[in-house]
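Q: Below is a structure I'd like to ask you about.
The values are calculated or read from the model by the stated rules, or taken from the named source; none is laboratory data. Computed from a predicted model, the values in this text were never measured in an experiment. Quick reminder, even Gly has a Cβ in these numbers, built from the backbone with ideal geometry, and neighbours come from all protein chains shown.
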Amino acid sequence: MTAEYLDSLTEALSFDASLARRVRSEFEDHLEEAIACDQCQDRVEAARRAIAKCGDPRAIAAELAVTSLAQRSRRLAVGIVVVLVSVLLVMKGRVAWYATMQWGIPDSVQPAAMTLGTVARYAFATAMFLGMTSWLYGSWRRSPSAYSHPVYFKHLHRFCLLSGVATAALAVCILTDVALATIRLEPISPSVAFFVPVGTIAFELSCVIALVVLIRSLVRRAVLASHLRQAQPLSLAPNP
Amino acid sequence: MESEILKMEGEILKGHLDMIVLAALAAGPAHGYAVIEIIRQKSGQAFDLPEGTIYPALHRLEQAGLLASKWMVAESGRKRRVYALTRSGQRALTKRRAGWQQFSEAIGGLLAARPAHGETA
């Protein structure tokens, strides 16, 4: 009987495997303790009572989902800010390197480069604005205790949307930078000095990929946990 | 009517669950089942919470940095997660105790007040 209950709990927590393992172990210990402390001689009846006292596993999972997803969204929010600041510094460094190496843009492609430069600037400004907004929104209310499951999911949906658009804008900015770097470096014969622009662009691209992976993982977990919306919230009514 | 009152009390309790859990752990580290027992005993059996509600609260408080936890092996040989207050948790509990004291005094003052002479209740 307890194994069935624990299986239901683990299944309801399938959106987070490590959390599911931990919670299963905690509840296993809890149920064993509750059965051992029960005065009833009938172990099956004691198990039934212990399970009834624990409540609906889906409702428990719904509350744990809010905590788990809130932790991951805070990590993502911090990740976005760190990536934006790192990319900004790396971009500034690359521009300084171009100036040091006197790698200019050929006159023949100046109009195209200007357009690309404008796109990159606006894309980065958009990424910065949305990234900061998403960080503030994601970090707002450190403790998710005040949220009910459906309310938190609305909050999470908006946060994922903001983070996704910020990351997309950053990707546009970096791809535009790739195009600009190609235009700039195309007439120059390759040398060790190429490592700086190539390395920094590779770093920026890997940062964007990392953000995409984090967002994808958060969305996947949120989708898996979304079925818990239908669970009745745990009642805290004390004994009359 | 009685169920409405219980529902309202449940909502009030939910608002204070974090403080209740922190207070239960003030005496020392404990595992989930022990926390429930402490709450039940110290509240004079008034707070006989659905036991599953404690674990989300423990996880939430741990994430907020107010609790720390680790796996230990019980005398029975079972693996169990034991929670303890962190320094931030102790500070938070002190702050919440003071807040609750002020709140209960204010409510107590209001509820104890008799209608002024000449006023109808």
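Q: Please indicate, with yes or no, whether at least one residue in segment A:103-118 is in contact (Cβ under 8 Å) with a residue 60 or more places away in the chain, in a helix (DSSP H, G or I) and within 19 Å of A:Phe153 (Cβ to Cβ).
A: no
Q: Taking the residues in segment B:25-34 that are surrounded by fewer than 20 Cβ atoms within 10 Å (Cβ to Cβ) and in contact (Cβ under 8 Å) with a residue 40 or more places away in the chain as candidates, determine which candidate is nearest to the other protein chains (Cβ to nearest Cβ).
A: Checking each candidate, the answer is B:Ala30.
Q: When segment A:184-200 is examined, which residues are found to be modelled with pLDDT of 90 or more and touching a Leu at 6+ places or on another chain (Cβ under 9 Å)?
A: A:Pro197, A:Val198
Q: Of all residues in segment A:41-72, how many are touching a residue at least 40 places away in the same chain (Cβ under 8 Å) and either within 12 Å of another protein chain (Cβ to nearest Cβ) or not in a helix (DSSP H, G or I) (or both)?
A: 20
Q: Going through segment B:35-80 one residue at a time, which ones are touching a residue at least 40 places away in the same chain (Cβ under 8 Å), facing chain A (nearest Cβ under 7 Å) and within 15 Å of B:Ala24 (Cβ to Cβ)?
A: B:Arg60
Q: Given the condition over 25 Å from A:Val223 (Cβ atoms), more than 14 Å from chain B (Cβ to nearest Cβ) and surrounded by fewer than 23 Cβ atoms within 10 Å (Cβ to Cβ), answer yes or no: does some residue in segment A:32-40 qualify?
A: There is at least one residue in segment A:32-40 that is over 25 Å from A:Val223 (Cβ atoms), more than 14 Å from chain B (Cβ to nearest Cβ) and surrounded by fewer than 23 Cβ atoms within 10 Å (Cβ to Cβ).
Q: While we're looking at this one, here's another question. Give just the number: which of (1) surrounded by 13 or more Cβ atoms within 10 Å (Cβ to Cβ); (2) within 27 Å of A:Ala168 (Cβ to Cβ) does A:Val85 not satisfy?
A: A:Val85 satisfies all of (1) surrounded by 13 or more Cβ atoms within 10 Å (Cβ to Cβ); (2) within 27 Å of A:Ala168 (Cβ to Cβ) except (1).
Q: So is A:Val172 assigned to a helix (DSSP H, G or I) and modelled with pLDDT of 95 or more or not?
A: When the stated conditions are applied, A:Val172 passes them.
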